[in-house]
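Report on the structure given below.
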Amino acid sequence: MMRHVFKPALKSASLIAIGLALAACGPAKTTIDPDAIAMEERAIEARAFLDDAESQIAAKSHIAAQAYWDQATNITPETSAAAAQQGAEFTKLVVSLANASKDFDVSELPPAEARKLQILRSGITLPAPSREGAAEELADITTKLDATYSTGKFMFQGREIDLLEASRIIQESRDPEELKAVWEGWHSIAAPMAPDYTRMVEIANEGARELGYPSLDQMWLSNYDMPPAQMEAEVQRLWSQVEPLYKELHCYTRGRLNSYYGEAVQPAAGPIRADLLGNMWAQQWSGVYDILQTDTPGPSYDLSERLNEKGYTPLQMVQTAEAFFTSLGLQALPQTFWERSMITKPEGREVVCHASAWDLDDFEDVRIKMCTQVNAEDFQTVHHELGHNYYQLAYRNQDHLYKNGAHDGFHEAIGDFVALSITPEYLEQIGLITAEEKPGADADTALLLNTALDKIAFLPFALSVDSWRWDVLSGETAPENYNQSWTDIRLKNQGIIPPGPRPADAFDPGAKYHIPGNTPYLRYFLSFIMQFQFHKAACEQAGWEGPLHRCSIYGNKEVGRRFEEMMEAGMSQPWPDTLEKFTGTREMDGSAIIEYFDPLMVYLKEENAGQSCGW
Ligand code: X8Z
Ligand code: ZN
């Protein structure tokens with residue numbers, strides 16, 4: 001399948017000869033190395049194949065992206081069918097190119113061509129096998145799963161509610177019976193997905209095997225510039241750095257919940273009830289900060305309340321996030337961003353509310369899609385989403401296969417890294433709080449606890465999502481054990497349990513967007529570690545000498561320049577090269593996040609003294 005390869009041997013031989021003549025400093029030699037000629041010929045063939053593949057993929061992906069956008073912002077049978085059709089065509093194209101690329105032996109190619117071929121082979125999230133009808137069946141299932149999740153509703157107190165409302169109750173209610181009912185209600189929307197999910201796993205694994213991977217989990221783990229087993233070991237290494245802090249946070253949280261709810265609702269020992277943590281998936285716990293707060297002084301304002309008091313609209317929240325990026329010297333977002341983004345939930349039609357950032361033309365048509373609400377959580381999320389868009393804009397001049405994050409954790413980390421600079425100092429600078437309200441150093445423990453409830457509590461959740469999925473994809477967990485495995489893994493990593501026994505047909509993982517949405521989750525685990533590495537490096541570049549959690553890079557053009565340089569590289573080089581340029585280290589490393597929370601660790605250990613922690 002070597003289409004469009006016209007380069008005769010003569011041409012490449014002369015190129016090599018020229019190369020040799022230029023490289024040599026001594027007297028000109030006329031000898032020609034036959035191995036070098038053969039290598040150059042293969043490289044020329046591979047380049048031609050890749051050029052062609054990249055232009056085909058780019059063209060098709062723009063059509064597919066538009067169809068997916070149309071569906072995500074207006075879920076109907078028609079838009080779903082159109083998205084599934086375009087999705088199937090796109091998958092077929094990429095799978096056929098990935099299979100054709102097997103004609104090249106990457107070990108015999110120069111690094112640039114070898115890298116692109118590797119990206120082409122391992123970069124499809126859900127590959128279909130090439131047999132007739134498989135891509136269509138896969139696309140039908142995934143579109144249906146996505147729509148089922150996004151339109152999910154259940155009965156609560158005599159009326160039908162959706163995820164937005166359920167999430168609000170989980171965060172605001174302090175009635176354990178009500179919390180349990182809402183938790184169970186939302187999880188009930190996932191049960192019908194189980195058969196489709198099982199079938200999807202079968203098809204995608206067949207696709208992965210055709211591409212030469214033992215199963216899809218191994219294919220996903222092949223996207224980190226190292227062998228899958230080594231990457232899994234890296235993840236464990238990173239987790240072991242942060243696990244002691246999580247254990248203290250869990251212990252402290254359990255103690256406060258026990259004091260608040262009493263032994264009958266939340267026992268003082270053992271796991272924590274998942275519905276008491278202020279978030280549907282117990283992935284971030286700052287929603288119950290009021291119950292968990294320290295007895296040290298804390299800030300006198302609440303960011304959610306303050307945004308509302310100041311009359312912020314969702315649009316203004318996005319504009320404020322943009323202003324942070326431009327303060328670093330980055331360009332304003334294109335006009336089309338404002339015209340085409342979906343910033344709030346539209347009336348009268350179903351949409352995918354789970355926030356996402358899009359790049360429709362791989363050049364400038366970037367957009368976000370959110371059902372933004374005016375609160376601290378979504379203030380964080382708008383920065384997160386713009387991080388994706390700014391990354392996309394930064395690497396737009398790369399070749400198509402390099403238009404991506406250095407790895408997927410980088411993509412997730414960009415906006416969060418920026419949002420780590422939303423310090424009290426910054427809030428004062430933009431007028432959200434007054435100088436008198438700015439909390440002093442005595443509020444540090446409280447501020448850090450609030451952040452840790454989001455950033456530290458998240459890590460074992462993120463680990464659980466893909467631990468569960470890797471076992472499912474590898475076949476280690478059979479369909480009849482899907483739910484038990486989910487509960488077991490969450491208990492082991494997070495120390496949490498469902499509020500009551502689960503029904504036999506439960507499919508609780510399906511109640512988390514990224515399972516029916518098929519978004520790999522390891523990226524967020526990596527992001528939550530690396531965003532602190534980026535933050536620490538940026539603060540050092542800025543000459544900051546105080547505690548890390550008080551450092552804001554707002555307005556720092558020099559940091560912005562180096563940050564943009566990191567983003568411009570896209571996926572064009574191994575990620576350790578990109579990381580090193582910005583942070584000076586080639587390794588992902590949990591020591592920055594540990595340093596950031598160090599004062600909190602001291603406090604938690606004191607508070608937990610004498611208790612038997614763990615579950
Ligand atoms: O899904 C997201 C983003 C879009 S990439 C809103 N996040 C994860 C989640 O919500 O589960 C960001 C943090 C974790
Ligand atoms: Zn994201």
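The values are calculated or read from the model by the stated rules, or taken from the named source; none is laboratory data. Remember, it's a predicted structure, so these values are computed and weren't measured experimentally. As a convention, Cβ positions derive from the backbone with ideal geometry for all residues, glycine included, and neighbour counts pool all protein chains shown. Protein only, heavy atoms only, side chains kept; ligands, DNA and RNA dropped before computing areas. Shrake-Rupley method; radii C 1.70, N 1.55, O 1.52, S 1.80 Å.
Listing for the model above:
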quantity	calculated
The range 309-328, subset open to solvent by less than 40 Å² (accessible area, probe 1.4 Å) and closer than 24 Å to Glu558 by Cα, residue farthest from the chain's Cα centre (by Cα)	Ser327
Every residue from the range 95-120 that is open to solvent by 40 Å² or more (accessible area, probe 1.4 Å) and assigned to a helix (DSSP H, G or I)	Ser96, Lys102, Asp103, Val106, Ser107, Glu108, Pro111, Ala112, Gln118
Residue match in the range 446-458 (condition: more than 30 Å from Tyr603 (Cα to Cα) and either surrounded by fewer than 22 Cβ atoms within 10 Å (Cβ to Cβ) or acidic (Asp, Glu) (or both))	no
Residues of the range 514-539 satisfying the condition of being among the aliphatic types (A, V, I, L, M) and within 12 Å of ligand 1 (Cβ to nearest atom)	Ile515, Leu522, Leu526
Helices (runs of 4 or more DSSP H) lying entirely in the range 189-292 (those with 3 or more residues that are hydrophobic (A, V, I, L, M, F, W, C))	194-210, 216-220, 228-261
The one condition in (1) open to solvent by 50 Å² or more (accessible area, probe 1.4 Å); (2) outside any helix (DSSP H, G or I); (3) more than 24 Å from Tyr603 (Cα to Cα) that Thr477 fails to fulfil	(1)
Long-range neighbours under 7 Å by Cβ, at least six apart or interchain, first residue farther than 12 Å from Trp575 by Cβ within the range 391-410, second in a helix (DSSP H, G or I) and acidic (Asp, Glu)	Ala394/Glu564; Ala394/Glu568; Tyr395/Glu568; Asp399/Glu54; His400/Glu54; Leu401/Glu54
Residues of the range 371-387 classified as within 11 Å of ligand 2 (Cβ to nearest atom), open to solvent by less than 20 Å² (accessible area, probe 1.4 Å) and not charged (D, E, K, R), total	3
Residue list for the range 388-411, filter: among the aromatic types (Phe, Trp, Tyr) and either in a helix (DSSP H, G or I) or open to solvent by 30 Å² or more (accessible area, probe 1.4 Å) (or both)	Tyr390, Tyr391, Tyr402, Phe410
In the range 284-303, residue most open to solvent (accessible area, probe 1.4 Å) [restricted to those that are more than 16 Å from ligand 1 (Cβ to nearest atom) and among the hydrophobic types (A, V, I, L, M, F, W, C)]	Leu303
Scan of the range 489-526 for residues that are surrounded by 15 or more Cβ atoms within 10 Å (Cβ to Cβ) and more than 22 Å from the chain's Cα centre (by Cα), ordered by number	Leu491, Gly495, Ile496, Ile497, Pro498, Pro499, Arg502, Ala506, Phe507
Where Ser130 falls short, out of the listed (1) in a loop (DSSP other than H, G, I, E, B); (2) under 30 Å from Trp575 (Cα atoms); (3) polar (S, T, N, Q)	(2)
Residue that is nearest to ligand 2 (Cβ to nearest atom) [pool: residues in the range 428-445 that are open to solvent by 10 Å² or more (accessible area, probe 1.4 Å) and part of a helix (DSSP H, G or I)]	Gln429
The range 40-62 - residue that is under 13 Å from Phe104 (Cα atoms) and modelled with pLDDT of 95 or more and, of those, most open to solvent (accessible area, probe 1.4 Å)	Arg47
Check on Arg550, out of contact with any Ser or Thr (no Cβ under 7 Å at 6 or more places or on another chain) and either of a type in the set (Lys, Arg) or more than 16 Å from ligand 1 (Cβ to nearest atom) (or both)	no
Of all residues making up the range 359-370, the number that are buried (at least 22 other Cβ atoms within 10 Å of the Cβ) and within 17 Å of Ile63 (Cβ to Cβ)	1
Hey, Tyr260 crowded, with 16+ Cβ neighbours inside 10 Å, out of contact with any Ser or Thr (no Cβ under 8 Å at 6 or more places or on another chain) and over 25 Å from Tyr554 (Cβ atoms) or not	no
Top-ranked residue of the range 220-240 - restricted to ones that are of a type outside the set (Gly, Ala, Ser) and open to solvent by 60 Å² or more (accessible area, probe 1.4 Å), ranked as farthest from Leu526 (Cα to Cα)	Pro227
Residue check, Glu78 open to solvent by 70 Å² or more (accessible area, probe 1.4 Å), assigned to a helix (DSSP H, G or I) and modelled with pLDDT of 95 or more	yes
Inter-residue pairs, beta-carbon under 8 Å, first touching a residue at least 24 places away in the same chain (Cβ under 8 Å) and in the range 190-204, second among the charged types (D, E, K, R) and open to solvent by 10 Å² or more (accessible area, probe 1.4 Å), 6+ apart	Ala191/Asp505; Ala194/Asp505; Asp196/Lys144; Arg199/Glu137; Ile203/Glu137
Residues of the range 321-366 classified as polar (S, T, N, Q), in contact (Cβ under 8 Å) with a residue 12 or more places away in the chain and outside any strand (DSSP E or B), total	5
Unmet criterion (only one of (1) in contact with an Asp or Glu (Cβ under 7 Å, 6 or more places away or on another chain); (2) touching a residue at least 40 places away in the same chain (Cβ under 8 Å)) for Leu163	(1)
Qualifying residue in the range 590-608 (condition: under 30 Å from Ala112 (Cβ atoms) and of a type in the set (Val, Ile, Thr))	no
Some residue of the range 333-354 being within 13 Å of ligand 2 (Cβ to nearest atom) and either surrounded by fewer than 21 Cβ atoms within 10 Å (Cβ to Cβ) or charged (D, E, K, R) (or both)	yes
Among residues of the range 392-418, those that are over 20 Å from Ile124 (Cβ atoms) and either of a type in the set (Gly, Ala, Ser) or within 12 Å of ligand 1 (Cβ to nearest atom) (or both), counted	5
Positions within the range 276-307 being among the β-branched types (Val, Ile, Thr) and within 21 Å of Phe461 (Cβ to Cβ), in sequence order	Val288, Ile291
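Each row is one residue, and each column tells you yes or no for (1) closer than 21 Å to Leu145 by Cβ; (2) among the hydroxyl-bearing types (Ser, Thr, Tyr); (3) within 16 Å of ligand 1 (Cβ to nearest atom).
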position: Leu420; (1), (2), (3): no, no, yes
position: Tyr426; (1), (2), (3): no, yes, no
position: Leu448; (1), (2), (3): no, no, no
position: Phe458; (1), (2), (3): no, no, yes
position: Pro509; (1), (2), (3): yes, no, yes
position: Lys512; (1), (2), (3): yes, no, yes
